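Worksheet for the structure shown next.
What follows draws every value from the coordinates through simple rules; no lab data is involved. Bear in mind that the values here come from a model prediction, so they are computed numbers and not experimental data. Counting neighbours? That spans all protein chains shown, and the Cβs are built from the backbone with ideal geometry, glycine included.
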Amino acid sequence: MREALEYAFVWVLLNGFAVLPRPLAWRVGAGIGWVAWLALPNLRRTGLRNLEMAFPDLPAAERKRLLRRLYGHLGRQLAEFCRMPRYTRENTRSLIRYEGLDHYLAARQRGKGVLIVTGHLGAWELSSFWHSLMGYPMTMVIRRLDNPRVDRLVNGIRCLHGNHVVHKDDFARGLLAAMRHGETVGILMDTNMTPPQGVFVPFFGIEACTASGLARVALRTGAAVLPGFLVWEAPERRFVLHFAPEIALVRTGDDERDVVDNTGRFTTAIEESVRRFPDQWLWVHRRWKTRPPGEASIY
């Protein structure tokens, strides 16, 4: 019964947002974000703690304002996800543009596969969807949702224009197969991990346990690695899908050291983008939960 109710709720939400004009849908989404701000104090505390660590010199009042803006942003992205099934190249022309597409095309042309370093920044669901809509389908590494019916519904939307999903429990095999076929894979690598799947690298100057699989696959296959983020550019009043130049891999011959060093490079690229758009990153995730041996809990 619970799964059926959850599915019905998501279905109603998807169809409700889809029929609203975008300005109204965004206002409703921002309202949902405001309700979440009020109703979920544990997430609010996590967000404020993360911002305190990342921006210790920022006044507390400004950190709180930044986090509140994030909640509004997340609500608006909920509205965008619900509207995605109706998107076409034509009706997104004024909403989204590329910057640095040449970096992506050059990486793809090498034929060894492309690994996109990305994270929970901006409109991460819309980014892979729109990229596929524009003729560049890709594979996404995701976590299964607890409700199988909702999982199928959400993945059906993600894959409307040729995208594929690889679940985290089939991570390595899925990535290696995709690289052999010269495909593109997007990986959200800004979440907390645990050893041995994760290694510790600095994120905002604090050691963070970070997925090392992307570095291992890149070193093994020679795939190109480049950052990609779809963010809301307020001055333009539209989204911009940024592709940065390819990240050069460190290869010293010490395999484990190279994995750590390259994972650090990828994490630095994420941090640089988060610093540019701090009110669009998922601060409510306990990013620094796993600590190096002997260190006290941050949360």
Between LEU5 and ARG68, what is the label-point separation in nm under the 7 Å Cα-to-beta-carbon projection? 3.3 nm
Dividing the helical contributions, -39500 (n - 2.57) per DSSP H run of n ≥ 4, by the residues of the chain yields a 222 nm value, nearest 500 deg cm²/dmol, of -16000 deg cm²/dmol
Among VAL274, LEU219, ALA244, flag the residue with its Cα farthest along the positive direction of the charge dipole of the range 217-299, charges on Cβ as +1 for Lys/Arg and -1 for Asp/Glu. VAL274
Please compute the modelled spin-label separation between ARG152 and ALA39, points set 7 Å along Cα→Cβ, answer in nm with one decimal. 2.7 nm
Cα convex hull of the chain: mean projected area in nm², to one decimal? 16.2 nm²
Can you run phi through the Karplus equation (6.51, -1.76, 1.60; θ = phi - 60°) for the range 72-88 and list ³J(HN,Hα) in whole Hz, with x for Gly and Pro? x, 4, 4, x, 5, 5, 4, 4, 4, 4, 5, 8, 4, x, 9, 7, 10
How much net charge surrounds ARG2 when only the other residues with a Cβ under 15 Å from the Cβ of ARG2 are counted, with Lys and Arg +1 and Asp and Glu -1? -3
Before anything else, pin down the relative contact order of the chain: Cα pairs under 8 Å, at least 6 apart, normalised by residue count, whole percent. 24 percent
If each part is reduced to its alpha-carbon centroid, the range 67-98 and the range 137-187 end up apart, in Å, by 21 Å
Which is the longest run of the chain containing none of the trypsin sites (Lys or Arg not before Pro) found in DSSP loop states (not H, G, I, E, B) with at most 13 other C-beta atoms within 10 Å? 145-236
Point-to-point label distance, ASP57-LEU24, nm (Cα→Cβ direction, 7 Å offset): 4.7 nm
Of all GluC sites (Glu not before Pro) in the range 68-164, which ones are in loop regions per DSSP and have a Cβ with at most 11 other Cβ atoms within 10 Å? GLU90
What is the dipole size for the range 148-299, taken about its Cα centre, with +1 at each Lys and Arg Cβ and -1 at each Asp and Glu Cβ, in debye to the nearest 20? 440 debye
Given a Förster radius of 25 Å and the C-beta distance between ALA234 and LEU101 as r, what FRET efficiency does 1/(1 + (r/R0)^6) yield to the nearest 0.05? 0.70
Residue among HIS285, HIS167, HIS73 with the largest mean-square fluctuation in a Gaussian network model of the chain, springs linking Cα atoms under 10 Å: HIS167
R0 = 35 Å: FRET efficiency of SER297 with ALA248, Cβ-based, nearest 0.05? 0.45
Anyone know which of ASP254, ASP151, ASP279 comes out most mobile in the 10 Å Cα GNM of the chain? ASP254
Residues ASN91 and GLU207, FRET efficiency given R0 of 45 Å [Cβ-Cβ distance, rounded to 0.05]: 0.50
For the chain, share of DSSP beta bridges that run antiparallel, in % to the nearest 5: 40 percent
With a ≥ b ≥ c the root eigenvalues of the C-alpha gyration tensor of the range 195-299, is it rounded (a/c under 1.5), prolate (a/b larger than b/c) or oblate? oblate
